[in-house]
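See structure below.
A short reminder: the numbers here are calculations on the coordinates, not readings from a lab. Everything quoted here is computed from the prediction, not taken from an experiment. Virtual Cβ from ideal backbone geometry, glycine too; neighbours counted across all protein chains shown.
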Amino acid sequence: MSESKSFEEKLKDVENIIGSLEEGKSSLEESLKQYENGMKILHDLETELNAAEQKLTVIRDGVEVPVEK
């Protein structure tokens, strides 16, 4: 199984997808696939950010609570 991408790599993927969509050179079908993939990646990024925010809150408040991955 391949190693998952870092947050930064996922963000770069989204930037590349946006650039491709903005060029408007892809077919409608391909554009929809890119858009769907970009939305999935954005959801993953949002999940990672929420987890990081939760960890920071735990650290800030000094509360030792197990944080889910």
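Qualifying trypsin sites (Lys or Arg not before Pro) in segment 21-58, where qualification requires a DSSP coil assignment and no more than 16 other C-beta atoms within 10 Å, comprise Lys25.
Sequence-ordered 3J(HN,Hα) estimates for segment 20-30 from the Karplus curve with 6.51, -1.76 and 1.60 and θ = phi - 60° stand at 5, 5, 5, 5, x, 8, 7, 5, 4, 4, 5 Hz, glycine and proline given as x.
Longest exposed-loop-site-free stretch of the chain, with GluC sites (Glu not before Pro), DSSP loop and at most 16 other Cβ within 10 Å? Answer from the scan: 4-63. From the coordinates of this entry, mean projected area of the Cα convex hull in nm² is computed, and it appears in [x] 6.2; [y] 4.5; [z] 3.8 under the label [x]. Applying the Karplus relation 6.51 cos²θ - 1.76 cosθ + 1.60 with θ = phi - 60° to segment 9-15 yields 3J(HN,Hα) values of 5, 5, 4, 5, 4, 5, 4 Hz, where x marks Gly and Pro.
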